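Participant: Starting off with a structure, shown below.
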């Protein structure tokens, strides 16, 4: 009986380690598919997004997303985000996930999400950016800024 328990524990540990390793390898594999194209895109797009100009932001947004946001709402959002200040530097970018989905004509299109640590004139901000993969280019599907400057 004791020998069987020992075998079971070793088997369970093996299965756990294998599953854990596969999970991290899959995440690494997904990020390696996008790092070469998404990272340069974010490095180009984030400074322009950080001008807080609604017309500039519209140039990067997915058309299907823009149909759901009014010009007034976008102006209001950019006005609130302007409290973060000017972008000084992009520190770190991390692949978060790849998902498929969306609504309407976006169903089954890959959405790639990265978190970006950036330095703004009021302090550090964590930016979450989701990009719609259009094959040879990207559109901004969603963005979120977390900064203490927004709570003052």
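Participant: With the structure loaded, tell me whether residue 49 is in contact with a helix residue (DSSP H, G or I) (Cβ under 7 Å, 6 or more places away or on another chain) and more than 17 Å from residue 38 (Cα to Cα) or whether it fails that test.
Facilitator: Here the answer is no, as residue 49 does not meet what is asked.
Participant: If residue 150 satisfies every condition in (1) surrounded by fewer than 15 Cβ atoms within 10 Å (Cβ to Cβ); (2) in contact (Cβ under 8 Å) with a residue 60 or more places away in the chain; (3) closer than 18 Å to residue 47 by Cβ but one, which is the exception?
Facilitator: Of (1) surrounded by fewer than 15 Cβ atoms within 10 Å (Cβ to Cβ); (2) in contact (Cβ under 8 Å) with a residue 60 or more places away in the chain; (3) closer than 18 Å to residue 47 by Cβ, only one is false for residue 150: (3).
Participant: Scan 115, 70 and give me the residue that is free of Cβ contacts under 8 Å to residues at least 24 places away in the same chain and within 23 Å of residue 151 (Cα to Cα). Before the answer, list the steps.
Facilitator: Details: 70 fails: within 23 Å of residue 151 (Cα to Cα).
Within the list 115, 70, the selection yields 115.
Participant: Look at residue 71 and say whether it is loosely packed, with under 12 Cβ neighbours inside 10 Å and over 17 Å from the mean Cα position of the chain (by Cα).
Facilitator: The answer is yes for residue 71.
Participant: For the stretch 76-87, give me each residue that is surrounded by 15 or more Cβ atoms within 10 Å (Cβ to Cβ) and either over 19 Å from residue 139 (Cα atoms) or in contact (Cβ under 8 Å) with a residue 60 or more places away in the chain (or both).
Facilitator: 81, 83, 84, 85, 87
Participant: So which residues in the stretch 118-135 are more than 11 Å from the chain's Cα centre (by Cα) and modelled with pLDDT of 90 or more, if there are any at all?
Facilitator: 118, 119, 120, 121, 122, 123, 124, 125
Participant: Suppose we filter 91, 97, 48 for residues that are modelled with pLDDT under 90, closer than 18 Å to residue 127 by Cα and surrounded by fewer than 15 Cβ atoms within 10 Å (Cβ to Cβ); which single one remains?
Facilitator: 97
Participant: Continuing with the same structure: Quick check on the stretch 31-38. Is at least one of its residues at pLDDT below 65, surrounded by 14 or more Cβ atoms within 10 Å (Cβ to Cβ) and either under 19 Å from the mean Cα position of the chain (by Cα) or outside any loop (DSSP other than H, G, I, E, B) (or both)?
Facilitator: Yes, the stretch 31-38 contains at least one residue that is at pLDDT below 65, surrounded by 14 or more Cβ atoms within 10 Å (Cβ to Cβ) and either under 19 Å from the mean Cα position of the chain (by Cα) or outside any loop (DSSP other than H, G, I, E, B) (or both).
The values are calculated or read from the model by the stated rules, or taken from the named source; none is laboratory data. This one's a predicted model, so the numbers in the text were calculated from it and none came from an experiment. Methodologically, a virtual Cβ is constructed for each residue, glycine included, from the backbone with ideal geometry; neighbour enumeration extends over all protein chains shown.
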